[in-house]
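Okay, so here's the structure we're looking at.
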Amino acid sequence: MLRLTFVCLCLLVLQDGTESFGSPWKMTPFGRHFGLPNVEVDFNRQHFLLNLLIQVHKPLLHEELITMGSQFNDDPRSYNEGTWRYIKDFQERVLQNRIPGPFAIFNQLDDEMPQNLLGIYRFLTMAMDWSSFQRNACYARIHFHPLLFVNALQMAVEERQDTKDLRMPVMFEVLPQLYLEKEVILAAQEITWNQLTPIRLVTPKRRWMDILLGYRNPKQSWTEEPIPTDPLIIDNERKVAYLSLDLEVNSHWNSLINRLIISIEEGKEKSNQPIIVDGDRLVAFRGSFDEVNYLNQMSLGSHFHNSKLYVYNLHQFVAALTMEDLATGQRSMDLIDPPLLTTGGVPYKGTSLNIEAVKGILDLTIDNLKEQIEMAVKLNNHSMDDLSIAGGIIGNNYLHICRQLSLAVNGHGINQPTMLGSATSNLRDPIYRSLLFRINELLQSYENADIFTEVEGEGTEPPKIVDIQVSRLVTFEEYMTTDLINLIDQQLLLSQRNNLQFLRRHLVARQRRLNHETFSIDLDIVAPEDLVAEARMYLTLPNQLTPRLHLDSFKCSLKRGLNQFERVFPTANPKHTLSELYEAAYPSTVVTSSNRFPPHLLLPRGTGDGLKLQLLVELTKWNGSELDFDEVSVPVLAKTLKDVIIFHSQA
């Protein structure tokens, strides 16, 4: 009877979770989340997602997840209606070992990479329900290369109804090897487990009465080695927080290119399908030019949005980098960062060519691309504007351009990872940045000059921007930390026990990033009648219309007479780290998925004396689009310029 009583009391002690040495990692028990509806379900789903991504480049050791992903889910009933044919094709690729495994040497410019990425993406997004998604995600985590898995999972989580409220960790914490320098990676891997968690020095002999009374005072039981609770910091600070080295920009670019690749592959499939109109009639063409135009629109239309998104972000990157060069007095093309490591620990290899040889290769690449655009423009019968055609062709040929450039610059070394081979996730490569600048120049040559001029009103007086007030514009550099939990040389998931709860300290890399103080822009607009328009704001160099850095766009419901608008742009907050997401009892469901650059880079870097720019404000016709990035070729109703100065506060 005494033993039974002892066992029952021990169970009462254990029901509130294991002892965590006062650790901030202690997890709230499942099912106890402030009484909010469905919180337990969302919490479990959030932790399932994080458990897949912790130590993603190492073998999965969580027994429950291993069991879920032990076999390929080949039940057609587990997938959405009409999607089984895609899953069947993907299964054939898996059976033929055409998908790179976890420890394969992987190059993002490999010819089969787009089809593999699309296959894994469909494998995750087409799963019928949460249970099927879990099985597929675990299978992909175990059997496929971590970079392919993470890229596909990031897109799938954004699109699935049962995952779109979950929080994905930032990609430079999930796979820091792709974003941080070799020195940081190696330093993190040398950190021992004992530097992050206390060691029990003495385990005192305890009577059974001490154990029972310990339920009332659980912190009296162990003697620990003293250990600080402040983070263990690996310094990654630079003199200047350059745009091309910004972690969030590189992560954003990686996501942008992945979406472009997926849409291109889907467009290729559609272009090979029979062309049917009204379900039973083949398209009737008036001539060969009609057929060519229709096929071009079919191939471009499927990824037209992502091509425009790519072009928009390309313009943003070039504009921001140009203004940064003006502020720092240094050419960004001359900036060469220390080498990175692959997920397998292999250093990236640089090119042996000199600058002139590289420039010659870039010139040939752009000339070949321009010939393709010119041919498509000649065949166009004005159903699409030239800039849209140029953007679509550049998007459609993006990977081909990078492949040919990589072969010319780096040779045919398959087992030698190169910076260009990581072009889809890395803006720090000066050759890749130079390619982006040249593509941007090519696109500008096809811009219609009419988009920069005001249109005449159709019998009515156009609205007028009568006043612009801009508050003080100040940029500054701030410290940010990157969680390096995925670089600790320990397997954090051991069967069904999670060692994260035993960590006393966080391991982080510290670097600086550019940010801006809160500022506001006030607009006074006079309208002759009620109308709906769109206001767009850009920063430009003095007396130049290009490049233009897009600040904001918003819908204006104008009333007759004076209309006043105030736009406030707060200082950007850092995103939650992987550790913070994991230790949160209920992560916020406020998910920010933007097509634009990270908000901390809204303003270009200022200077101590003030960087002189101009604010361009345009009123355009409202086209009904709710996109959060601007679209070209929209008639301008009114525009005005205002001189602005951006200062930089040096800490």
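Residue-wise test of (1) β-branched (Val, Ile, Thr); (2) in contact with a His (Cβ under 9 Å, 6 or more places away or on another chain); (3) within 30 Å of Leu50 (Cα to Cα); (4) modelled with pLDDT of 75 or more.
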| site | (1), (2), (3), (4) |
| --- | --- |
| Val568 | yes, no, no, yes |
| Pro574 | no, yes, yes, yes |
| Leu578 | no, no, yes, yes |
| Pro587 | no, yes, yes, no |
| Arg596 | no, yes, yes, yes |
| Leu601 | no, yes, yes, yes |
| Pro635 | no, no, no, yes |
| Ile645 | yes, no, no, yes |
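Among the residues of the stretch 71-108, how many are of a type in the set (Gly, Ala, Ser), touching a residue at least 12 places away in the same chain (Cβ under 8 Å) and exposed (fewer than 15 other Cβ atoms within 10 Å of the Cβ)?
Total satisfying the criteria: 2.
When only residues in the stretch 571-586 that are in a loop (DSSP other than H, G, I, E, B) and under 21 Å from the mean Cα position of the chain (by Cα) count, which is surrounded by the most Cβ atoms within 10 Å (Cβ to Cβ)? Within the stretch 571-586, the match that is surrounded by the most Cβ atoms within 10 Å (Cβ to Cβ) is Thr577. When restricted to residues that are out of contact with any helix residue (DSSP H, G or I) (no Cβ under 8 Å at 6 or more places or on another chain) and either at pLDDT 70 or above or under 13 Å from Val249 (Cβ atoms) (or both), the stretch 312-344 contains 10. Scanning the stretch 549-558 for residues that are within 23 Å of the chain's Cα centre (by Cα) and within 25 Å of Ala527 (Cβ to Cβ) gives His550, Leu551, Asp552, Ser553. Go through Glu237, Glu248 for me and flag whichever is modelled with pLDDT of 65 or more, touching a His at 6+ places or on another chain (Cβ under 8 Å) and either assigned to a loop (DSSP other than H, G, I, E, B) or within 30 Å of Glu183 (Cβ to Cβ) (or both). From the options Glu237, Glu248, the qualifying one is Glu248. Counting only helices (runs of 4 or more DSSP H) that sit wholly inside the stretch 35-135, those with at least 3 residues that are within 28 Å of Leu420 (Cβ to Cβ) are 113-125.
The residue list Leu256, Leu180 contains one member that is modelled with pLDDT of 85 or more and assigned by TED's automatic domain parsing to the domain that holds Leu321, which is Leu256.
If I go through the stretch 153-173 residue by residue, how many of them are over 21 Å from Arg122 (Cβ atoms) and part of a helix (DSSP H, G or I)? Going through the stretch 153-173 one residue at a time, the tally reaches 2.
As an exercise: evaluate Leu148 against (1) within 22 Å of the chain's Cα centre (by Cα); (2) farther than 20 Å from Lys88 by Cα and give the number of the one condition it does not meet. Failed condition: (2).
Within the stretch 111-120, the presence of at least one residue that is surrounded by 16 or more Cβ atoms within 10 Å (Cβ to Cβ), among the polar types (S, T, N, Q), assigned by TED's automatic domain parsing to the domain that holds Tyr139 and modelled with pLDDT of 90 or more is confirmed. What is the one condition in (1) buried (at least 24 other Cβ atoms within 10 Å of the Cβ); (2) within 17 Å of Ile105 (Cα to Cα); (3) aliphatic (A, V, I, L, M) that Ile142 does not satisfy? Answer for Ile142: the failing condition is (1).
Quick grid of which residues meet (1) on the phi < 0 side of the Ramachandran plot; (2) at pLDDT 80 or above; (3) exposed (fewer than 15 other Cβ atoms within 10 Å of the Cβ):
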| site | (1), (2), (3) |
| --- | --- |
| Asp467 | yes, yes, yes |
| Glu477 | yes, yes, no |
| Met480 | yes, yes, no |
| Leu484 | yes, yes, no |
| Leu493 | yes, no, no |
| Asn498 | yes, no, no |
| Phe502 | yes, no, no |
| His506 | yes, yes, no |
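Just to be sure, is Ile142 farther than 30 Å from His516 by Cβ and either at pLDDT 90 or above or in a helix (DSSP H, G or I) (or both)? Spelling it out, Ile142 is indeed farther than 30 Å from His516 by Cβ and either at pLDDT 90 or above or in a helix (DSSP H, G or I) (or both).
The values are calculated or read from the model by the stated rules, or taken from the named source; none is laboratory data. Predicted, not measured: the structure shown is a model, and the values here were computed from it. Quick reminder, even Gly has a Cβ in these numbers, built from the backbone with ideal geometry, and neighbours come from all protein chains shown.
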